Every structure is written in C-alpha cells, then in structure tokens.
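**Q** Dumping the structure here so I can ask a few things about it.
Derivation of every value follows stated rules applied to the coordinates shown; laboratory data play no part. The model shown is predicted, which means the values in this text are computed figures rather than measured ones. Here the Cβ positions follow ideal geometry from the backbone for every residue, glycine too, while neighbour counts run over all protein chains shown.
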Amino acid sequence: MVKKVALITGAAVGIGRAIAVRLARDGIAIGVLDLKRADAQKVADDITRNAGEAIGLEADISKRAQVQAAAQALRSALGPITILVNNAGITGFKPFLEITDEEWDRMHTVNLKGTFIVTQTIIPDMIAAGWGRIVNISSSSAQSGSAQMAHYSSSKGAMIALTRTLAREFGPAGITVNTIPPRFVMNTVMSEESFQEPPMAGRREAMRLMGPIQREGQPEDIAGAAAWLVSDEAGYVTGQVIGVNGGRYI
Ligand SMILES: NC(=O)c1ccc[n+]([C@@H]2O[C@H](COP(=O)([O-])OP(=O)(O)OC[C@H]3O[C@@H](n4cnc5c(N)ncnc54)[C@H](O)[C@@H]3O)[C@@H](O)[C@H]2O)c1
C-alpha cells in the first residue's frame, strides 16, 4: 500500500491531536502543525513511540510564507500531502455590540483566511496525485447560531460554505471536501477555557444532559469521524456537513 501523508493543523492539543493520533493508527504519516514546533513535536514523538510516522511543524496558519515552508518541510520529509485536516482555530465570547474591528478581523483571519491559505497550499499535491481528502473542522455554532459568538460563528459558517464550494470545484480532480461541526468537545484547551467564562460558566452539566446522547463529546469522537472521511471508503462522500454531536444539533 502506498503511504499517505496528512497535514493536521492545530494538532498540538485537543481535537487536532486526537485526529493526528487516530490517523497515524491507520498507517497515515502525519505532519503535526501548530504555533510552536516544540508543542507539535511532542505529539509527533508520541506517534512515533507507538510505531507511527510523524514530524512536528511550526506555522501560524494565517501567514502564507510560514505555511508554505511547513508544507515543504513535510513533503521533503514524508512525501506529497494528500490528506488535509483544517482544525486550527480560535474562539471567543463577546456581546455583538462590543466586538471591535480588530477582534472581528483576528477571528476571521485565523479561522477562515488561515483555512484558505493552508488549503490553497496543499491542493496542488492532491491534484497531482489525482486523489485527496480535506476535512474542515467548523462548529455547530454556525448551524444553530450562538449568542455572543458572532465573530466566531460567522467565521465557521464561512468554512461550511467554503467546504461545499471546494467540493464542487475539486470533485472532478478526485478530491473530497467535507466538514465536521463539533458542538461541545471537552478535554481541549478551548472548551475547558470556554467553560470558565460567561456565558458558559456553570452550564457544563446542563450542556451534558441536553440531547439524546447524555455525555460530553470527546476529541476521539471527532477523530473517529475524520478517520472515516479521509479513508478510501468515503470516496463518494463530499460537500457534506457530518454532525458528531451526540444528536444535540441545536
Ligand atoms: N472543543 C469544542 O467544543 C469545539 C466546538 C466546536 C468547534 N471546535 C473547533 O475545533 C477545532 C479544535 O478545537 P479544540 O477545542 O481542540 O481547540 P484548542 O484550543 O484546544 O486547540 C486548537 C489548536 O490550534 C492551534 N492554533 C490556534 N491558532 C493557530 C494558528 N493561527 N496557527 C496554527 N495553529 C493555531 C492552537 O495552538 C491549539 O494547539 C477549532 O477549530 C475549534 O473552533 C471546537
């Protein structure tokens, strides 16, 4: 079997880390990308200790030159990149009327423009291979709306639109593009911090009990779905929004 190479952004912790570890279990070589190489390398080392193949990469996804350098380092080390998981992102809570231009721009620059830059950098490898898989980690806040998260939820909604558009544009090239919009996934830096501040503080138990599957989502829940979406088996699935949320859509 030909070795596949995946780039996972924001993979030092949380959901991205779980996806990197899970894909490595399927024999996929992993580029673990995050803001600090040392943090990314720790995950890569965990993967190699468990007989997988991985390297740590440093880049801010919103900086094109950094992304291009990291992608080139991954290609040189492990080969062409035909799997991409756009997972890196930031969040924040702020009443709509108080969001500044700077806060709006920063959210969209990382979550949306970063996804644009990374995807544009990697797609040529997929076109050359005639095969590719892209999974964008968006957010259920884009589906349901989420008070005090207008800057965040709008950036994630745009990721869903981007997913559907790229699915149409690159399907003929053998590339599938899907999105998983998590709801609350605990044991990540983002979610643990979110539950410390208003409007989330004190709501964790209520959130757990909301909906049919009454437990907290875990990073591994998202990783399992991502592993299937990047597999050969999922080759007829594209442009889809795959809910992994315990049935708690809204
Ligand atoms: N945890 C949840 O409940 C939840 C819910 C909905 C959506 N999501 C989405 O899932 C993704 C992962 O979330 P998480 O909870 O694991 O978050 P997290 O904060 O625990 O991890 C995010 C990672 O992304 C990295 N990162 C941030 N900005 C970056 C940048 N500019 N360049 C490169 N790396 C960057 C961080 O350093 C961090 O390692 C995010 O896109 C988030 O919006 C999470």
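**Q** Of the chymotrypsin sites (Phe, Trp or Tyr not before Pro) in region 143-250, which ones lie in a loop per DSSP and count no more than 16 other C-beta atoms within 10 Å?
**A** Passing both the DSSP loop test and the Cβ count: F195, Y236, Y249.
**Q** Helix-only mean residue ellipticity at 222 nm, the chain, DSSP H runs n ≥ 4 weighted -39,500 (n - 2.57), per residue, nearest 500. What is it?
**A** Estimated from H runs of four or more residues: -13500 deg cm²/dmol.
**Q** Something else about it: Against the longest alpha carbon principal axis of the chain, how many degrees, from 0 to 90 and to the nearest 10, is the axis of helix 219-229 turned?
**A** 50 degrees
**Q** Still on this structure, I have one more. Select from region 56-164 those trypsin sites (Lys or Arg not before Pro) which occupy a DSSP coil region and have at most 10 other Cβ atoms within 10 Å, ordered by residue number.
**A** Qualifying residues, ordered by number: none.
**Q** Take the residue pairs K42/K156; K113/K156; K94/K156; K3/K63; K4/K113 and return only those whose Cα atoms are more than 23 Å apart.
**A** K42/K156; K3/K63; K4/K113
**Q** Separate question: Normalise the Debye intensity by I(0) for region 19-84, one equal point scatterer per Cα, no solvent, then take log10 at q = 0.13, 0.28, 0.29 Å⁻¹ and round to two decimals.
**A** -0.31, -1.28, -1.33
**Q** Shifting gears a bit: Determine, at each q value in 0.07, 0.14, 0.16, 0.17 (inverse angstroms), the log₁₀ of I(q)/I(0) that the Debye formula gives when each Cα of the chain is one equal point scatterer.
**A** Treating every Cα as an identical point scatterer, log10 I(q)/I(0) equals -0.21, -0.89, -1.17, -1.32.
**Q** Now for a separate question. Please work out whether region 96-237 counts as rounded, prolate or oblate from its C-alpha gyration tensor, where a ≥ b ≥ c are the square roots of the eigenvalues and a/c under 1.5 means rounded, while otherwise a/b larger than b/c means prolate and anything else oblate?
**A** Working: a/c = 2.58, a/b = 1.46, b/c = 1.77.
Oblate.
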